[in-house]
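Below is one structure, written out as structure tokens; comments come after it.
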Amino acid sequence: QWMLKHEEDLKQHPDLIAPEHPKGALGPQEPPPNRPSGRDKERPKGKPNTMPLHHVECFNADNMPESKIGEFVKQLKGQEDGLNRLTVDEYLENIANPVKRSRAVAQTARKKLQTDLQQRFQDEFSKTMDVLDAEEAAIKKTKEAMSSLAGLHNPDLSAGGKDVIDKFGDRQVNSSIGPQWRPKIKDLKAAAEKVPKSMQKSTFLNVKLHKC
């Protein structure tokens, strides 16, 4: 509920995935750190350097309130995009040797977001409050916002992702998607392994994620 009430404030931040925005409302998403910015342009749909399209078994959102369905779909799209930026070779390597989550990486990303949000809120409150009151209100509002946000790995580490916090999004939604990956990995891995070994380093994943 807090996320919905303050959506206008939060959606301005580049690290947040705000719920229920029309497609394209936030503009083009930047590629995650440590990845070539032109990677997406190199692999338009139908180009020969992608594996045959694989539809991953649907993700169940039955436990989500209606107000968070848009966020659920948006987080799935973020994971889909993240997977499709991986080559088959990278994906299979990540699945074979899953990256361990680093607490330091998460803490650094959260600290940066917290600092940015607090400054944004303080600037807002300073228009109608004195400096001390604005600072106190900003700290409180930032704490409320951060309590409902989780760092997003696109894709999840269990699904072949790297330990890079790509965005922040609703914690409940993220916690619902993550565990659902476990039974879906086998089929996706099998589809990726059909790509000849000699082509795996130059062939990108081509997967589709969707809500049931």
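Computed quantities for the displayed model
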quantity: Filter result for K74 (in a helix (DSSP H, G or I) and either among the acidic types (D, E) or without any contact (Cβ under 8 Å) to a residue 40 or more places away in the chain (or both)); calculated: no
quantity: Those residues of segment 163-212 which are acidic (D, E) and outside any loop (DSSP other than H, G, I, E, B), in sequence order; calculated: D170, D187, E193
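Rundown of residues vs (1) touching a His at 6+ places or on another chain (Cβ under 8 Å); (2) in a helix (DSSP H, G or I); (3) on the phi > 0 side of the Ramachandran plot, yes/no style:
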{"position": "T108", "(1), (2), (3)": "no, yes, no"}
{"position": "Q114", "(1), (2), (3)": "no, yes, no"}
{"position": "L117", "(1), (2), (3)": "yes, yes, no"}
{"position": "K127", "(1), (2), (3)": "no, no, no"}
{"position": "A138", "(1), (2), (3)": "no, yes, no"}
{"position": "K141", "(1), (2), (3)": "yes, yes, no"}
{"position": "A145", "(1), (2), (3)": "yes, yes, no"}
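The rows are residues; the columns are (1) touching a residue at least 24 places away in the same chain (Cβ under 8 Å); (2) hydrophobic (A, V, I, L, M, F, W, C).
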position: I69; (1), (2): yes, yes
position: I95; (1), (2): yes, yes
position: V99; (1), (2): yes, yes
position: A109; (1), (2): yes, yes
position: L117; (1), (2): yes, yes
position: S126; (1), (2): no, no
position: V131; (1), (2): no, yes
position: K141; (1), (2): yes, no
position: M146; (1), (2): yes, yes
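We did not get these values from a lab; they are worked out from the coordinates using the rules stated. Please read all numbers here as calculations on a predicted model, not as lab measurements. Note: ideal-geometry Cβ built from the backbone for every residue, glycine included; neighbour counts use all protein chains shown.
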